[in-house]
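All of the numbers you see were taken from the coordinates with simple rules; none came from a lab. Note that the structure is predicted; figures quoted are calculated from it, not measured. Here the Cβ positions follow ideal geometry from the backbone for every residue, glycine too, while neighbour counts run over all protein chains shown.
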Amino acid sequence: MRFILYIDPALGSMIIQAVVAGFAAVGIFFISFRKRIAAWFKRKFKAKNDADITSTDKKDEGI
């Protein structure tokens with residue numbers, strides 16, 4: 001049995017819109033994920049640098 005499927009213009013537009021929206025969602029997800037990871041590393045290294053600065057300040061003061 002042979003099936004001939006008909007995709008009208010409205011359905012074609014909906015499929016294209018869904019594909020484009022999927023790509024946009026994936027792109028936004030990875031951009032926000034990258035920003036979260038970058039913020040985590042900045043926070044981690046800032047805390048480490050602040051600790052190093054305060055420890056060197058105490059050494060300089062002779063404490």
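Observations, loosely collected:
- Once the C-beta distance of MET14 and ARG34 is scaled by a Förster radius of 22 Å, the resulting FRET efficiency is 0.10 to the nearest 0.05.
- Chain lengthening between LYS44 and ALA25 when straightened (0.36 nm per residue, less Cα-Cα): 4.0 nm
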